1. Quickly work out the B:THR57-to-B:ARG114 label distance, labels modelled 7 Å from Cα along the C-beta direction, and quote it in nm with one decimal.
2. May I ask you to compute the full-extension gain from A:GLU20 to A:GLU66, defined as 0.36 nm times their residue separation minus their alpha-carbon distance, rounded to one decimal in nm?
3. What percent does the relative contact order of chain B come to when contacts are Cα pairs within less than 8 Å and at least six residues apart?
4. Could you work out the Rg to Rh ratio of chain B, with Rh taken as the Kirkwood radius (inverse of the mean 1/r over all Cα pairs)?
5. Is there a pair in A:LYS49/B:LYS41; A:LYS58/B:LYS41; A:LYS69/B:LYS66; A:LYS58/B:LYS55; A:LYS49/B:LYS55 whose C-alpha atoms are over 32 Å apart, and which pairs would that be?
6. Just need the relative contact order of chain A here, percent rounded to a whole number, with Cα pairs under 8 Å and 6+ apart.
7. A:LYS78: which aspartates and glutamates have alpha carbons under 17 Å from its alpha carbon, excluding same-chain residues fewer than 8 sequence positions away?
8. Quote the Stokes-Einstein diffusion coefficient, in whole µm² s⁻¹, for the protein assembly as shown, based on the Kirkwood radius over alpha carbon pairs, a temperature of 25 °C and a viscosity of 0.890 mPa s.
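A short reminder: the numbers here are calculations on the coordinates, not readings from a lab. What you see is a predicted model, and the numbers here were worked out from it, not measured in a lab. Cβ placement follows ideal geometry from the backbone for every residue including glycine, while neighbour counts extend to all protein chains displayed.
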Amino acid sequence: AQSVTQLDSQVPVFEEAPVELRCNYSSSVSVYLFWYVQYPNQGLQLLLKYLSGSTLVKGINGFEAEFNKSQTSFHLRKPSVHISDTAEYFCAVSWATTGANNLFFGTGTRLTVIP
Amino acid sequence: GAVVSQHPSWVICKSGTSVKIECRSLDFQATTMFWYRQFPKQSLMLMATSNEGSKATYEQGVEKDKFLINHASLTLSTLTVTSAHPEDSSFYICSATPRPGTGDYEQYFGPGTRLTVT
């Protein structure tokens, strides 16, 4: 079995400040890791993904995440946020053997950027 | 990148009627499509997985007779909510994965369909 935990349901941060959204997972097998962003009344957009290789993954909109196998974490970071980053962020994991199938989502983190 | 569309984007229907939602992969062939349900301020819950040409696999607790899924082609899957009730009101999101062998390990999500049952 596997699970995804996003500890912070809401993260308020001032504009141009750095932010970290936390994601921890549990799995007994190799996993692929994903971060998605969802704007109000819209579907999910992929920010970045880790499949293998370098543990530091860079994505769109200036976001990056680091895969830490020993801590089973995949935290999302951005050095300077903008108002437009206000959205819901979901961490997701799938078994490496099934590719992108069988995605398990965390409960989401609402990022609110304060002007 | 690959694009997935959904139609309609929102729909209001009366209790007891049926509603069909379409999910299309516009520029790739999708062997597998997924249907999710999302309640306000909550995460996505997988309802079912559909493979082209075969019956959908439903998650535990999802009524297959209520949520009919048809994946008739490599670019189209439909979700029909039969005899809809107010508790079926939700945001329904579909996603699709490209055919195996493409090396593309990603689910591409549609924009979602807001269903309101009155």
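1. Distance between label points: 3.3 nm.
2. Numbers: separation 46, 0.36 × 46 = 16.56 nm, distance 1.09 nm.
Here the segment from A:GLU20 to A:GLU66 would lengthen by 15.5 nm.
3. On the way: 302 pairs, mean separation 43.1, N = 118.
Relative contact order of chain B: 37 percent.
4. 0.96
5. On the way: A:LYS49/B:LYS41 23 Å; A:LYS58/B:LYS41 27 Å; A:LYS69/B:LYS66 41 Å; A:LYS58/B:LYS55 38 Å; A:LYS49/B:LYS55 30 Å.
Going by Cα-Cα distance, A:LYS69/B:LYS66; A:LYS58/B:LYS55 fall outside the 32 Å limit.
6. Values: 289 pairs, mean separation 42.0, N = 115.
Taking the mean separation of contacting Cα pairs over the length of chain A, I get 37 percent.
7. Hits, sequence-local ones excluded: A:ASP8, A:GLU15, A:GLU16, A:GLU20, A:GLU64, A:GLU66, A:GLU88.
8. On the way: Rh = 18.3 Å.
So the translational diffusion coefficient is about 134 µm²/s.
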